[in-house]
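**Student:** Starting off with a structure, shown below.
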Amino acid sequence: MWNGLVGVAKETYTASLGEGTVPRPLMMPLVRGELVGLIWVRPLKVGQDALAGIAELANIAAAAGADEVVLAWETHDVATACELPIVGPAPCLNMVLATRDGHVLHQFPYSEQLLSRSPEGWASVAPDWRPAPAPQPGGELVPPIQAAVNFSFTPVELDHPDPFGVTVVLMEEDGYRISLTEAFAR
């Protein structure tokens, strides 16, 4: 399962960078080894809004009762959006696999090969994946990612007959892009 999720993240990054954009942070919650879906963070404003928006990715995982979560983000993108120092390699696709008992940070650094530049100055690039450092059990996570990991395993207390369904609807209304797997689609 892990290799498949890494493959999806790398394919998404390659396609997005080729279009001149960096993919937004992404969460992939799992329940008993089954993927719930893909949740991309909503459009963010720099600063506190970015910190909160990334941490709120946890809502779907918590509502689904996830026992594992995978988060993916780009080092420079999250640091810039959250006004944080850059920690670790950049550019770099980071992925963390987390459970209630801990997490393992995986980093996939890359260099950017320029494909083209638009008249507006946007660069279309292809990632040239570099050798990945060893996975880091308990590796340091930037604050919004650590918050998302922590909140993913906090039970949701909603007085509603379908807390998962209502959470999905509310998050979509807030601008999160959610793609649920068939087993979890409502």
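The values are calculated or read from the model by the stated rules, or taken from the named source; none is laboratory data. Keep in mind that this is a model prediction, so the values were computed, not measured. Ideal geometry is used to build each Cβ from the backbone, glycine not excepted, and the neighbour counts take in all protein chains shown. Protein only, heavy atoms only, side chains kept; ligands, DNA and RNA dropped before computing areas. Shrake-Rupley method; radii C 1.70, N 1.55, O 1.52, S 1.80 Å.
**Student:** Among the listed residues 133, 109, which satisfies the condition of being of a type outside the set (Gly, Ala, Ser) and assigned to a strand (DSSP E or B)?
**Tutor:** 109
**Student:** Of (1) more than 28 Å from residue 84 (Cα to Cα); (2) within 20 Å of the chain's Cα centre (by Cα); (3) open to solvent by 70 Å² or more (accessible area, probe 1.4 Å), residue 101 satisfies all except one. Which?
**Tutor:** Just one mismatch for residue 101, condition (1).
**Student:** Of the residues that make up segment 153-172, is at least one in contact with a Gly (Cβ under 6 Å, 6 or more places away or on another chain) and either surrounded by fewer than 12 Cβ atoms within 10 Å (Cβ to Cβ) or not hydrophobic (A, V, I, L, M, F, W, C) (or both)?
**Tutor:** No: zero hits.
**Student:** Check whether at least one residue in segment 152-165 is of a type in the set (A, V, I, L, M), under 24 Å from residue 69 (Cα atoms) and modelled with pLDDT of 90 or more, and report yes or no.
**Tutor:** Within segment 152-165, not a single residue is of a type in the set (A, V, I, L, M), under 24 Å from residue 69 (Cα atoms) and modelled with pLDDT of 90 or more.
**Student:** Looking at segment 145-162, which of its residues are in contact (Cβ under 8 Å) with a residue 40 or more places away in the chain and more than 29 Å from residue 104 (Cα to Cα)?
**Tutor:** 158
**Student:** Can you give me the number of residues within segment 154-177 that are touching a helix residue (DSSP H, G or I) at 6+ places or on another chain (Cβ under 7 Å), within 15 Å of residue 61 (Cβ to Cβ) and not in a helix (DSSP H, G or I)?
**Tutor:** Count: 4.
**Student:** So, one more: I'd like to check something: does segment 2-12 contain any residue that is without any contact (Cβ under 8 Å) to a residue 12 or more places away in the chain and more than 20 Å from residue 126 (Cα to Cα)?
**Tutor:** Within segment 2-12, one or more residues are without any contact (Cβ under 8 Å) to a residue 12 or more places away in the chain and more than 20 Å from residue 126 (Cα to Cα).
**Student:** Give just the number: which of (1) touching a Ser or Thr at 6+ places or on another chain (Cβ under 9 Å); (2) modelled with pLDDT under 95 does residue 6 not satisfy?
**Tutor:** (1)
**Student:** I'd like the residue in segment 24-53 that is touching a strand residue (DSSP E or B) at 6+ places or on another chain (Cβ under 7 Å) and of a type outside the set (A, V, I, L, M) and, out of all such residues, is most open to solvent (accessible area, probe 1.4 Å).
**Tutor:** 24
**Student:** Here are 19, 74, 112, 56: which of them is touching a residue at least 60 places away in the same chain (Cβ under 8 Å) and open to solvent by less than 30 Å² (accessible area, probe 1.4 Å)?
**Tutor:** Result: 74 is the single residue among 19, 74, 112, 56 that is touching a residue at least 60 places away in the same chain (Cβ under 8 Å) and open to solvent by less than 30 Å² (accessible area, probe 1.4 Å).
**Student:** Could you tell me whether residue 121 is open to solvent by less than 80 Å² (accessible area, probe 1.4 Å) and in a loop (DSSP other than H, G, I, E, B)?
**Tutor:** In short, yes.
**Student:** Scanning for something farther than 21 Å from residue 136 by Cβ and either of a type in the set (Gly, Ala, Ser) or under 15 Å from the mean Cα position of the chain (by Cα) (or both), does segment 73-93 turn up at least one residue?
**Tutor:** yes
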